[in-house]
Amino acid sequence: MLEVSDLHKSFGKTQIINGINLGVPEKERHAVIGPNGAGKTTFFHLLTGNYKPDRGKILFNHKNITGLPPHKINRLGLSRSFQITNVFPGLSVLENIRQVVLSRHRVRFNFYSNVNRMTRINRESMEILEDIGLQDERDELAGELSYGQQRALEIGLTLASEPKMILLDEPTAGMSMDETRDAVRLIDRLTRDKTLIIIEHDMEVVFSLADKITVIYYGEVLVSGLPEEIRGHKKVKEAYLGDH
Ligand SMILES: Nc1ncnc2c1ncn2[C@@H]1O[C@H](COP(=O)(O)OP(=O)(O)OP(=O)(O)O)[C@@H](O)[C@H]1O
Ligand SMILES: [Mg+2]
């Protein structure tokens, strides 16, 4: 589904991404870990077209997407949720989901059409709300939800576009332990049989979700392997001990 080779990116003179190679097959849930500032978020920005790589190639679903603008990459089915919350606070929970479902159906919003009549779109939107456990909050303003609920909504927004591959950047950042547990359960349930890359600091989350783990360190892949290979790996321990 994703094949990244020799990816490079620098900002000014600082080399941030330094030759990343990574392959993610269909239906794999892949975790990317690494110390703060290692380049994980920058790597996502390169995948989604928010930054253009200086060198290297990104194949997504066998298509070369290197250097394509974000909306084109998104339309090809690569969808991300951002490290910062990305919901429309002034819209209701249902409206938030519905605008993504609408755009997936290529229905252009126009002020003369009655959105509420679009039974199918409403039904699909409600199904997503049920999936993320926010069906009772459908008419609440997204901005008034709890932090954990907003993150759940954000995951719903990502799923609403029915992406081929999902990128999640620290979906449990800033959550309480209870919220984290709920969010992980939700992500686990919603991403089974889906292709996922998740950036995550919480090792419990990583080991409970990931089929495979890649450690990024100073913009390079330090090691990539099965969870049991990563756990207790000498280089990984050194990278983290060196950082803290
Ligand atoms: N637009 C930019 N211009 C200049 N430097 C940048 C830019 N974006 C990121 N950097 C630098 O690149 C490095 C990697 O940042 P990045 O956000 O990718 O790290 P990260 O692995 O996601 O860290 P964290 O775990 O803290 O989220 C950092 O040193 C950061 O300051
Ligand atoms: Mg980051």
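Taken together, the values in this text are just the output of simple stated rules run on the coordinates, not laboratory data. Since the structure is predicted, the reported quantities are computational estimates derived from the model, not experimental observations. Cβ coordinates were reconstructed from backbone atoms using ideal geometry, including for glycine residues, and neighbour counts include every protein chain displayed.
Using the average count of surrounding beta-carbon atoms within 10 Å as a protection proxy, the listed peptides 143-156, 58-71 rank, highest first, as 143-156, 58-71. With viscosity set to 0.890 mPa s and temperature to 25 °C, compute the Stokes-Einstein D of the chain, Rh being the Kirkwood radius across alpha carbon pairs; µm²/s, no decimals. In µm²/s, the coefficient rounds to 130.
For the stretch 118-244, with equal point scatterers placed on the C-alpha atoms only and solvent neglected, what are the log10 I(q)/I(0) values from the Debye formula at q = 0.11, 0.12, 0.21 1/Å, to two decimals? Reported log10 I(q)/I(0), two decimals: -0.46, -0.54, -1.26. Annotation: amide H of residue 195 within the under-5 Å range of 27, 166, sequence separation 5 or more or interchain, hydrogens built in the peptide plane. In plain terms, the chain from residue 119 to residue 226 could stretch by 34.1 nm, reckoned as 0.36 nm per residue minus the Cα-Cα distance. Modelled spin labels at residue 147 and residue 203, positioned 7 Å past Cα toward Cβ, are 2.3 nm from each other. Close amide-amide hydrogen proximity is noted between residue 34 and 216, each under 5 Å apart and 5 or more residues distant or on a separate chain (H modeled in the peptide plane; Pro and chain starts excluded). Residues whose amide H lies under 5 Å from that of residue 92, counting only those 5 or more places away or on a different chain, are 142; hydrogens are built 1.01 Å from N in the peptide plane.
Residue pairs exceeding 19 angstrom between C-alpha atoms, taken from 72/212; 9/57; 9/212; 164/194: 72/212; 9/212.
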